[in-house]
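A.B. asks: This is the structure I want to talk about, given as structure tokens.
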Amino acid sequence: MRLIGYLLALGTSLGLLLGCSGKPSETVGQQVAPQSTICSIIGKHVKIEYPEMKAEITYSSDSTLHWKTIDQQNVTAEGDEKMSVKQVGDSLFFINWIEQDGETVSQVVDLKKQIVTVFLSYHDPNSDSGQRAGIPFEGKLTFSD
């Protein structure tokens, strides 16, 4: 019995490790269920096309990410941030971080639909809402190697 338990645990662990490849399945003719573990976003490097900028994000670990943006004038910004991530669906993640300049980024990342919905909050001294303002926007996600 102990051997059977060990083999089951080993098989489950191996399945989780192999399921975290970060690439969509290439199975033909079969419906494959979306991954249901947080590992399906960790380690991913993605490119996101927003209406006014392009972004590249690497979700390095379950608590850190690296981002880089290029706006329409080719101005580049980048940083390494501590993030919070919560899986809210089979392929849906809520991710939040606060950048060095105080901007707060909240993302809903849909790996299946390859859409990222963002709410960006920033300091605005003219705002009646605690001197903060925010803008929502949406972008198209592509997986990058």
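Just so it is clear, none of the values below were taken in a lab; they were calculated from the coordinates. Values in this document were obtained by computation on a predicted structure and should not be read as measured data.
A.B. asks: Cα atoms only, the stretch 39-144: Rg and Dmax in Å?
C.D. replies: So, for the stretch 39-144, Rg and Dmax equal 13.6, 41 Å respectively.
A.B. asks: Sequence-distant or interchain residues sharing an amide H contact under 5 Å with G43, placed H: which?
C.D. replies: Y59, S60, S61
A.B. asks: For T76 and K47, compute 0.36 nm times the residue count separating them, minus their Cα-Cα distance, and round to one decimal in nm.
C.D. replies: Result for the pair: 9.0 nm of gain on full extension.
A.B. asks: Which lysines have a Cα less than 17 Å from the Cα of K86, not counting those fewer than 8 places away in the same chain?
C.D. replies: List returned: K44, K112.
A.B. asks: Right, something else. Ordered by residue, what ³J(HN,Hα) values in Hz, to whole numbers, does the stretch 108-124 give under the Karplus form 6.51 cos²θ - 1.76 cosθ + 1.60, where θ = phi - 60° and Gly and Pro are x?
C.D. replies: 10, 9, 9, 5, 6, 7, 6, 10, 10, 9, 10, 10, 9, 10, 8, 5, 9
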